[in-house]
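*Asks:* One structure, as structure tokens, below. Some questions next.
Just so you know, all these numbers are worked out from the coordinates, no wet-lab data involved. All of these numbers come straight from a predicted model, not from anything done at the bench. When we count neighbours, we look across all protein chains shown, and the Cβ atoms used for this are built from the backbone with ideal geometry, even at glycine.
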Amino acid sequence: MCGVFGAFSSNHFVAEEVYLGLSALQHRGQESAGVAWIDSGGRVNAIKGMGLLHEALSQGVLAETPAKAAIGHVRYSTAGGSMIQNAQPICANYAQGPVAVVHNGNLTNFNDLRSTLESRGAIFQSTSDTEAILQLLAHQPRRRPFEALLRALAEVRGAYSLVVLIEEGLVAARDPWGFRPLALGRKGDDYYVASESCAFNLLGASFVRDVEPGEVLLINESGMTSYRLPVKCERKWVCSFEFVYFARPDSVIEGRSVYRVRQEMGRKLAKNCPAAGADFVASFPDSGTTAALGFAAESGMPFEAAVVRNRYVGRTFIQPTQKVRELGVRIKLSPSPELFRGRNAVLVDDSLVRGTTAGLVVSMIRECKALSVHLRISSPPVQYPCFYGIDTPSNGELAAAKHSQAEIARSIGADSLCYLSKDEMVEAIGLPDNSLCTACFDGKYVSAHDAECSSSHACREIFD
Ligand code: 5GP
Ligand code: SF4
Ligand code: MG
């Protein structure tokens, strides 16, 4: 998971706006950040750094950068390690001029692409799959970049929400399956694209619509033009986990408010898994709070902010080792003994992956002398890995892949455990079942055949 942002204006400089847009997408990646633009000499420039946005980049420098189009990225590594070489934007000045790319998602045919490209002389500078897109462009040295990009995208498979900067303008592209979100915003004649619509709010821009799966937008002095990739798919695969966890609750994806969806998930959980006799509902903040509010509203129990989050500590998954991850939860979440002592609590979280968070928080609540703790998870058990841009652990580490619900409840120390079913989750999201990806819950991945080029000419020519 990563956050991408792009801005184009015909009358003012936008690099600082890209920084601000990225600040609203920081929840999508905390490992590195970067911004790129094309300078007056027609060369691509970028600043990148490791860590949170303010650690990685200087807002002051960007405020003085004379660029009317710029793109930016916050990274959470899923393909390729955590190192500065893999920080985005990935940039080059090649035969047809400058190019910079930011990408959210994972290319599922990256290994094949890489070996084909390497056999043709490509030298990869990073281990990131995004570089393959740049190499595909460079291998079409006689085509203008935009056309070369369309042809390159017809070759790649898997998940990509991309923003690209070339001399012809700012480009936004979303894979034909629609895995990762990508939103279009506008303020007057200025255009913005962002992983999530929440990034437009702070810039005073309005959210226009999602970039459609398989759509490519070219934005420049002539305005915005929409193109379609020559790839046909059977159906959409919008990531259901964006609604469960990744997206910010003030974003709208596929016309659905993430906040409302999470609230509905909590309501459904309360209907089908009530915890009769409990005194109150609490959440694992922040990710479980919206669903907990829905649970409380449906059950009639009060919601209490009984688990406190240290807001200066980032998302726990960011820490690389199990040891640090476990400490991270303790540093981050802290139950209030006064609220739990002698009471029966329902605890709601959005998801249970390894079981680390729930196990530690429940044991801390037990130390507070709670009478009982009923765990409610507002998504189905995560049983399968994600190949489309989320860093889910391998099967062996997923609690629900190895253990029954009763075993998980026992190992976590909860008096009861209940998950939302897949059907309830899909109903809460409110989009047709066959337009959502639910692979990490049910193991149904896109079949290798679900993508064919409507114009094989455009698709094969790069490698011919
Ligand atoms: P667990 O502790 O069971 O391994 O993970 C579940 C917790 O991690 C939940 O509180 C959920 O909000 C959060 N979570 C789930 N998926 C991800 C992810 O991909 N990245 C991060 N940072 N947190 C996640
Ligand atoms: Fe989203 Fe899960 Fe599908 Fe990955 S496998 S795209 S996390 S729904
Ligand atoms: Mg959480």
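*Asks:* Scan the range 405-426 and give yes if some residue there is closer than 22 Å to T289 by Cβ, in contact with a Pro (Cβ under 9 Å, 6 or more places away or on another chain), within 16 Å of ligand 3 (Cβ to nearest atom) and assigned to a strand (DSSP E or B), otherwise no.
*Replies:* yes
*Asks:* On to the next question. Might you let me know whether the range 379-393 holds any residue that is farther than 30 Å from P230 by Cα and more than 16 Å from ligand 1 (Cβ to nearest atom)?
*Replies:* Of all residues in the range 379-393, those farther than 30 Å from P230 by Cα come to 379-384, 392-393.
If we keep only those that are more than 16 Å from ligand 1 (Cβ to nearest atom) as well, we get none.
Within the range 379-393 (the criterion being farther than 30 Å from P230 by Cα and more than 16 Å from ligand 1 (Cβ to nearest atom)), the answer is no, since none of the residues qualifies.
*Asks:* Considering the range 372-399 alone, what residues qualify as being within 16 Å of ligand 3 (Cβ to nearest atom) and not in a loop (DSSP other than H, G, I, E, B)?
*Replies:* Across the range 372-399, the qualifying residues are L375, R376, I377, A399.
*Asks:* What single numbered condition from (1) part of a loop (DSSP other than H, G, I, E, B); (2) touching a Pro at 6+ places or on another chain (Cβ under 8 Å); (3) within 15 Å of ligand 2 (Cβ to nearest atom) fails to hold for K369?
*Replies:* (3)
*Asks:* Would it be correct to say that G60 is within 30 Å of P176 (Cα to Cα), out of contact with any Leu (no Cβ under 6 Å at 6 or more places or on another chain) and surrounded by fewer than 22 Cβ atoms within 10 Å (Cβ to Cβ)?
*Replies:* Values: within 30 Å of P176 (Cα to Cα): no; out of contact with any Leu (no Cβ under 6 Å at 6 or more places or on another chain): yes; surrounded by fewer than 22 Cβ atoms within 10 Å (Cβ to Cβ): yes.
So G60 does not fit the description; no.
*Asks:* Can you give me the number of residues within the range 341-357 that are over 19 Å from S421 (Cα atoms) and either charged (D, E, K, R) or within 12 Å of ligand 3 (Cβ to nearest atom) (or both)?
*Replies:* Summing the residues that are over 19 Å from S421 (Cα atoms) and either charged (D, E, K, R) or within 12 Å of ligand 3 (Cβ to nearest atom) (or both) in the range 341-357 gives 4.
Conditions (1) of a type in the set (F, W, Y); (2) in contact with a Phe, Trp or Tyr (Cβ under 7 Å, 6 or more places away or on another chain); (3) touching a residue at least 60 places away in the same chain (Cβ under 8 Å); (4) farther than 24 Å from A46 by Cβ, marked per residue:
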residue: A148; (1), (2), (3), (4): no, no, no, no
residue: L182; (1), (2), (3), (4): no, no, yes, no
residue: A205; (1), (2), (3), (4): no, yes, no, no
residue: P213; (1), (2), (3), (4): no, yes, no, yes
